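Written below as structure tokens is the structure these notes are about.
Please treat every number below as a calculation from the coordinates, not as lab data. Because the structure is a prediction, the values reported are computed rather than measured. All Cβ positions, glycine included, derive from the backbone under ideal geometry; neighbour counts span all protein chains shown.
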Amino acid sequence: MRLRSLQLIAFCVLMVVPCFGQGELHFCLHADPKTLNPLTVDDDASETVRYLTGGVLVRLNRKSQQLEPELATAWKLSKDNRTVTFTLRPGVKFSDGTPFTSDDVAFTMNSLMDPNLHSPVGDAFRSAPGPIAIKAVRNGTISITFPAPVSGLDKLFDQVAMMSAHSTLKERAVLGPFVLTDYKPGSYLELRRNANYWKRDSTGRQLPYLEKIYLHIQQNRDVELTRFNRGEIQIINALEGEYYDRLQTQSPAEVFDAGPSLDSEVVWFNQAPNSPIAAYKLAWFRSAAFRQAISTAINRADLVRLAFNGHASPAVGPVSPANRFWFNAKLKPQRFDQGAAIKLLIEDQFHLDAGVLRDSRGHPVEFSIVTNAGNKGRERMAALIQQDLASIGIKVALVTLDFPSLIERMTRTRDYEACLLGLVNTDLDPNSQMNIWLSSGENHQWNPAQTTPATAWESELDLLMREQASTNDANKRKLLFDRVQEIARQQEPFIYLVHKNALSAVSWKVRGAEPVVLSPHTYWQIERMSLSTEQASK
Amino acid sequence: MRYVRIIAMTLLSVIFGAALLAPTLAPSDYAMQFREAPNSPPSTRFLLGTDELGRDRLSRVLFASRVSLLLAPAAAAISTLFAGVIGTVVGYLGGIVEKVMMAAVDLFMSLPWLFLLITIRAMLPLDLAPVVSVIVTFTLLGFLGWAASARVVCAGARTLRSSMFMLNARGQGCRSWRLIAFQLLPNLRLVLWAQFLISIPVFVLAEANLGMLGLGVTEPLPSLGGLMRELENLPTVPLQPWRLVPIAVLAACVSAFQIIVSGYEVEV
């Protein structure tokens, strides 16, 4: 009888294991990751690698939008929001077998807050200048004290992947569900399940279920869709509107529209004084009236309709209406009025000469907009903007570059005039935007890493962002961030264009995916995702 | 065969004539966006329909033919010229010279030209006019695309150098340069034509791919390669077969060239 029971159990296990134990998930990244160091991540591809490999103390549940324990079993915030104390999960090991201790937390936080690292994540913690104090309170408990209160402090740790202080593998030793095992630049990244991953499911089985993940570098969205249709990839994390419509007619169960996302499509002008662009052009780009005129001359409704097949909404400001609490409802939608745009430009010493807009010295207003190649929505937006601006006498040259070249120009050489890109928001809280709004931030793209604010309004933005980050009162924070949004709208350092809907596609073979509006939309619970038996057996 | 050649010549004349007269023949400006009519099917207003931004496809095909069918053959001529000179001389000389030169050609082919192209793009201003960008691109293609053809030409020259007419000419005291110019090259013209014709569609498509590096034809100027990028979206092609027009124009052009040239060779 006992033998029969054992046989029955063995049979059941054999039946179940192929459903969950094996399988390779394939999906595409649209560029090579800019960095594999989890502390310096500031692009989408690197963020994906960090999310899949990095272990964090606490994780924001993308569906409930509540923090959940991960490497920390408990945490406590001090009343002044300056100190957070974590109780670390015992018995956790890095992928290389080295134990996870408070030393690793201290090492990670010290590295993150090192000003020389220029970490965008570190900027979010920087509500005031000064060092942090780290104290191992007792075995397995560590407290981190910041120089000034940091609002939403615990939530920020969702983006801090812990690094090993002692491992010789450096960032290759990870605590997340997967380990990077192979990387062929321009081709693919191979991730294997982390055999030392600490998390288990309700039946006691070690997670993740998937054996491997392949991230294919694929800029071309058409090819990505073709590969999805062929079954070569199982997920499209950010789907274009046109493709969404097409897939919906073919297999409606495989496409998901989670509604307006937190992400924004923006265009901005390079205002950095050390950039190699003509002085007279820099003067245009630094003029608020010029930027406002460009913004007013762009037909956002057409961008939504033609570039995104209606799967987007015109942007009003830095915050998507999907972010209900932080969205400043007082901001009025940006009107499309080319007459008003010309009036603004004329007031700013520009003039129209036989249909060509010229500045006060007679230079024709011409500039280039760079964007990344392979993103059809963005390329269409660029073409629409080009024609909108041609209508007010401005000649725009469009340049599509591969992502690494674009990043190189944006962050190192600063050799560009205007840029059209998307801003990805992974968090609802404005603290996650510290690196954008602080004038010292590396992602203060129009004029990054300023030693002192270049303008009065940037100085005010610094004060407002720091103040909201150090205040506990949510309503007061809201008022402060509303003012940030107003300044952003008045000065238009970023010209906000549209908020795309969170569209995604997930093959029917994938189990456990629940697409949501927050990034990463489809694989936010990657460790619990698996492939059906048919896929696993292939 | 003669009638086929006449048809081919007529077709080629029509395509090149239409391309040259694009500003006159095009129903609208290639950049004009009829935003109220995106993705329209063919109609009396838009004979080939419109693209996703409402631009008239016929106008864009006409201007794209002008860009691609004039510049791609020019680039193909440059690369074939290089291939012809290098391949013929090296093939004629043979021996150690051929070995060294072919090794150099192999090295040239294996070099990562992508980095050179990225460097060139970095050196060029971003607000480069579309016309300048396209001329630079095709010139680059012409100067970089000769190596594979040179190998083929060299192989042809090697075969011919010990042929009877060459021995005869050498026996009559012909100098090397005369042997190459008046004996070898005329007999290699079929190979050279083939290389020239093969290069045209290759360069048209290469131009479209160079758009990824910020080279090539930039918006709103169309090119055949750029228009053919729409075919990457394969599932829509059966639903909108008029998207095939750019590839049909290119195929017709190359085929017509081939028929004319082969007919000429038969007569010779």
Requested in this report: For chain B, return all DSSP H helices satisfying: extent of Cα atoms along own axis at least 18 Å; mean Kyte-Doolittle hydropathy at least -1.0.
Outcome: B:2-20, B:57-93, B:95-110, B:130-144, B:147-161, B:189-210, B:245-267
**Report entry** Where Rh is the Kirkwood radius over Cα pairs, Rg/Rh for the stretch B:23-127
**Finding:** 1.24
Report task. Calculate the spin-label point distance for A:Asn274 paired with B:Val85, positioning each point 7 Å from the Cα along the beta-carbon direction, and give it in nanometres. Result -> 4.6
Query raised in the report: Distance from the Cα centre of the stretch B:118-178 to that of the stretch B:222-253, in angstrom?
Result: 30
Query raised in the report: What FRET efficiency comes out for the pair A:Val424/A:Val137, r = Cβ-Cβ distance, R0 = 41 Å, nearest 0.05?
Result: 0.70
Query raised in the report: Stretched out fully, how many nm does the piece from B:Glu232 to B:Ala37 gain, at 0.36 nm a residue minus the Cα gap?
Result: 67.9 nm
Query raised in the report: For chain B, modelled as a Gaussian network with Cα springs under 10 Å, which listed residue fluctuates most, B:Ala18, B:Ala169, B:Ala76?
Result: B:Ala169
Query raised in the report: What number in nm² do you get for chain B if you take the convex hull of its Cα atoms and divide its surface by four?
Result: 17.4
**Report entry** Positive dipole terminus of the stretch A:268-391, leading residue within A:Ile298, A:Gly355, A:Phe367 (C-beta point charges)
**Finding:** A:Ile298
Report summary line: Cα gyration tensor of the stretch B:123-249 diagonalised, 5x eigenvalues square-rooted, in angstrom largest first, produces semi-axes 42, 19, 10
Requested in this report: State which helices in chain A qualify, where a helix is a whole DSSP H run, it must extend 24 Å or more along its own axis by its Cα atoms, and its mean Kyte-Doolittle hydropathy must be at least 1.6.
Outcome: A:2-20
Report task. Can you check what the net charge comes to around A:Ser111, using other residues whose Cβ is under 13 Å from the Cβ of A:Ser111 (Lys, Arg +1; Asp, Glu -1)? Result -> -3
Query raised in the report: Picking from A:Gln490, B:Met164, A:Val267, whose Cα lies most toward the positive end of the charge dipole for the protein assembly as shown (charges on Cβ: Lys, Arg +1; Asp, Glu -1)?
Result: B:Met164
Query raised in the report: When each pair of different Cα atoms in chain A is counted once in the 1/r mean, what is the Kirkwood radius in angstroms, to one decimal?
Result: 24.7
Query raised in the report: How about the stretch A:343-446: which trypsin sites (Lys or Arg not before Pro) there lie in a loop by DSSP and see at most 12 other Cβ atoms within 10 Å?
Result: A:Arg361
Report summary line: Where a ≥ b ≥ c are root eigenvalues of the Cα gyration tensor, a/c under 1.5 meaning rounded, otherwise prolate if a/b exceeds b/c and oblate otherwise, the stretch A:385-538 counts as oblate
Query raised in the report: Got a sec? Which residues in the stretch A:211-246 would a label at B:Leu239 touch, if it sits 7 Å along Cα→Cβ and we count backbone N under 15 Å?
Result: A:222, A:225-226, A:229, A:240-246
Query - Percent antiparallel among DSSP beta bridges (both partners in the protein assembly as shown, rounded to 5) - result: 80
Report task. Run the dipole for the stretch A:45-175 about the Cα centre, Lys and Arg Cβ at +1, Asp and Glu Cβ at -1, nothing else charged, and hand back the magnitude in debye, nearest 20. Result -> 280
Report summary line: For the stretch B:6-80, listing trypsin sites (Lys or Arg not before Pro) in a DSSP loop whose Cβ sees at most 13 other Cβ atoms within 10 Å gives B:Arg45
Report summary line: Per the C-alpha gyration tensor (a ≥ b ≥ c, the square roots of its eigenvalues), the stretch A:323-420 is rounded if a/c is under 1.5, else prolate if a/b beats b/c, else oblate; here it's oblate
Requested in this report: Can you grab the distance from the C-alpha centre of the stretch A:429-475 to the C-alpha centre of the stretch A:43-71, Å, no decimals?
Outcome: 24
Query raised in the report: How large is the dipole of the protein assembly as shown about the Cα centre if only Lys and Arg carry +1 and Asp and Glu carry -1, each at its Cβ, rounded to the nearest 20 debye?
Result: 1360
